[in-house]
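Bear in mind these aren't lab numbers, they're just calculated from the coordinates by the rules spelled out. Worth saying up front: this structure is predicted, and the values here are computed from it rather than measured. Quick reminder, even Gly has a Cβ in these numbers, built from the backbone with ideal geometry, and neighbours come from all protein chains shown.
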Amino acid sequence: MENKDAIKLLKDKINQAKNVVVISGAGISAESGIPTFRGKDGLWKKYRAEELATNQAFVRDSSLVWEWYNWRREIIGSKKPNPAHEACVKLEKKLGKGFSIITQNVDGLHGLAGNKNVLEIHGNIWRTRCTSCGIVEEHREKLTTNPRCEKCEGLLRPDVVWFGESLDENILYNTFQKLLESEVALVVGTSGVVYPAAQFADTAKGRGAYVAEINLEKTAKSSDVDISIIGKAGEILPLLVD
Ligand code: BV8
Ligand code: ZN
């Protein structure tokens, strides 16, 4: 099916729906200038996320992990939402509580764009958590390598979900609620390799949602969705909302 026909079909589905979810990955932030994880311009070529985004890596060499996160905070801090994020704001304005974003991204750009109903399933790079007393705080300022807790001197870590760590139960519960209620699910800019996020589209589809994938290329999930639109999120999403 031609992209323009697919876009018209999907736009009609969205216009008929009361409950729509966007499941977003690093690709939705790519046009903001934030590198993705696994693309050719992948994050810090020498390292794969699977090597640094783990508690083992942090225990072994917290300085290296903090250098990576501070480098990413620096990049993200200078970037702004792109038309794909702005299209999600329009969808929330149109559908209200009937619209939710389930994002794997930790860059906070959906919130910065103005979306309120955002489930950040992998946490947020602007928050830290103390490895001793557990306090969670927001830090927009530049952090040192191995920042310490002001309360107890404990070593802070980024408040994100690393590989091998469980997702927050409440967030996961709310995520499944939204997936099960959804009539349309837009899977945007994710390679679909990281679990449990990689199963969310199947969950929505299993309950009868119409699932569309928007990506630069075919992914591991392309054969499971109802429609796969190849293109840039920043160009396709605005065409789906008036
Ligand atoms: C868990 C946060 C229970 C930190 C991240 C074997 C089989 C199955 C599962 C596993 C397994 N072994 C281990 C697991 C579980 C593991 C997992 O899934 N591993 C994978 C690698 C196989 N998952 C976990 O550990 C999760 N926890 O399962 O808990 C448990 C408990 C104990 C023990 C076991 C299990 C936790 C996973 C969370 C990891 N944290 N990040 C941080 O960001 O620093 S993951 C990281 O990858 C990011 O969050 C990122 O968002 C995420 C997924 O990547 P994508 O967003 O998809 O980005 P990617 O670069 O891959 O793709 C970008 C896409 O965009 C591409 O397709 C590209 O074509 C497209 N694109 C680019 N530009 C554009 C575009 N599309 C549109 N427009 C554009 N302009
Ligand atoms: Zn502390």
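With the convex hull built on the Cα atoms of the chain, state its orientation-averaged projected area in nm².
12.5
If neighbour count is taken as other Cβ atoms inside 10 Å, put Y69, Y47 in order from fewest to most.
Neighbour counts put them in this order, fewest first: Y47, Y69.
How high is the relative contact order of the chain, in percent, counting Cα pairs under 8 Å that sit 6 or more residues apart?
25
Rg to Rh for region 1-106: what is it, with Cα atoms only and Rh by Kirkwood?
With Rh from the inverse mean 1/r over Cα pairs, Rg/Rh is 1.08.
So what are the ³J(HN,Hα) numbers for region 156-167, from phi and the Karplus equation (6.51, -1.76, 1.60; θ = phi - 60°), rounded to whole Hz, Gly and Pro as x?
7, 10, x, 8, 10, 8, 8, 4, x, 9, 6, 7
Would you report the distance distribution of C-alpha pairs in region 200-242 as whole percents per 5 angstrom bin, up to the bin with the largest distance?
Over region 200-242, the share of Cα pairs per 5 Å bin runs 5, 23, 28, 21, 18, 4, 0 percent.
Hand me the GluC sites (Glu not before Pro) from region 83-147 located in a DSSP loop with no more than 15 other Cβ atoms within 10 Å, in residue order please.
Sites meeting the loop and neighbour criteria: E141.
Applying a 10 Å radius around every beta-carbon, put 175-187, 22-34 in order of their mean neighbour count, most first.
22-34, 175-187
Starting from the amide H of G123, placed 1.01 Å from N in the peptide plane, find each other amide H under 5 Å away whose residue is 5 or more places distant or on another chain.
V161
Using the alpha-carbon atoms, what tilt in degrees (0 to 90, nearest 10) does helix 169-181 show relative to the longest principal axis of the chain?
10
How are the C-alpha pair distances of region 102-242 spread across 5 Å bins, as whole percents from the shortest bin up?
P(r) for region 102-242, in whole percents per bin: 2, 9, 16, 19, 18, 14, 9, 7, 5, 2, 0.
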